[in-house]
Amino acid sequence: RYLNAFVIAKAEVASYPVINKGAELTGIIWVDRDSKDSRVATREKMIETIQQGYNILVFPEGTVGKERQTLPFRKGTFWESAEHDIPVSPIAIEYKSELDLWVIPNFLLQFFRQFSKWETVVSLTFGEQMTSGDGDLLHDNAYQWINTTIETAQKSW
C-alpha cells in the first residue's frame, strides 16, 4: 500500500542539504511554524490542493520526538478538515530502534547516522478515515488512535 500525497513540512527542512532539493521536486508545502501568516497560508493551500483532487500528508507533531507517545498535535489542519468536511486518515509510525529518532541537533550528523545504517525497522499502520464537524474532536480522535496504535507496536517489538 502506498500514499500519493503532497507533504506539509516545517520550513526548516528547506535548509537541509540534498533533502531540500528532492522535497521541492515533489511539490512540498512549506510552513514556518512560528509565523501565523505562514500557518494560515499553509492551511489555505492544503484546502486548495485537496479541492483539486489531491491528498495531503500532515505530520501534526511537526517533528520526531523521543517520547513513548506522540508530542501534542497542532490543531489547525484538523479545524480546516472539520470545516470543509474533509476526512482524516490517521497513520501511526513507530520506529523499533531509538537510533532512528531524528533527535541530533546537527542535521549532517543526524543524516549520516540515519543513512549509514543497514536497515530501519518501522511499524506503519493506516487507520480508518475519520470525519467530524468538530475540529477538536477530530484532533482528539486521531491523537488517541495513533497513540494507542503506537503503544501496541511498542509491545510487539
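The residue that is farthest from the chain's Cα centre (by Cα), counting only those in the stretch 121-157 that are farther than 17 Å from Ile91 by Cβ and in contact (Cβ under 8 Å) with a residue 60 or more places away in the chain, is Trp157. Of the helices (runs of 4 or more DSSP H) contained entirely in the stretch 54-157, those carrying at least 3 residues that are among the β-branched types (Val, Ile, Thr), surrounded by 12 or more Cβ atoms within 10 Å (Cβ to Cβ) and out of contact with any Lys or Arg (no Cβ under 8 Å at 6 or more places or on another chain) fall at 135-156. I want to confirm something. Restricting to the stretch 1-26 and keeping residues that are under 26 Å from Thr125 (Cβ atoms) and among the polar types (S, T, N, Q), which single residue is nearest to the chain's Cα centre (by Cα)? That would be Asn4. On the given criteria, is Val88 under 29 Å from Thr149 (Cα atoms), at pLDDT 95 or above and in contact with a Phe, Trp or Tyr (Cβ under 9 Å, 6 or more places away or on another chain)? Considered against the rule, which asks whether it is under 29 Å from Thr149 (Cα atoms), at pLDDT 95 or above and in contact with a Phe, Trp or Tyr (Cβ under 9 Å, 6 or more places away or on another chain), Val88 comes out as yes. The combined condition, being acidic (Asp, Glu), over 25 Å from Val13 (Cβ atoms) and exposed (fewer than 15 other Cβ atoms within 10 Å of the Cβ), is not fulfilled by Glu44.
In the stretch 61-120, the residue that is farthest from Thr42 (Cα to Cα) out of those that are more than 14 Å from the chain's Cα centre (by Cα) and among the basic types (Lys, Arg) is Lys117.
Within the stretch 14-27, is there a residue that is over 23 Å from Asn106 (Cα atoms) and part of a loop (DSSP other than H, G, I, E, B)? Within the stretch 14-27, one or more residues are over 23 Å from Asn106 (Cα atoms) and part of a loop (DSSP other than H, G, I, E, B). With the structure loaded, tell me whether Ile50 is farther than 12 Å from Lys10 by Cα and either in contact with a strand residue (DSSP E or B) (Cβ under 8 Å, 6 or more places away or on another chain) or crowded, with 17+ Cβ neighbours inside 10 Å (or both) or whether it fails that test. Judged against the criteria, Ile50 is a match. Here is the figure for the stretch 27-37: residues that are more than 23 Å from Pro87 (Cα to Cα) and over 15 Å from the mean Cα position of the chain (by Cα) total 4.
The values are calculated or read from the model by the stated rules, or taken from the named source; none is laboratory data. None of the values given here were measured: they were computed from a predicted structure. Quick reminder, even Gly has a Cβ in these numbers, built from the backbone with ideal geometry, and neighbours come from all protein chains shown.
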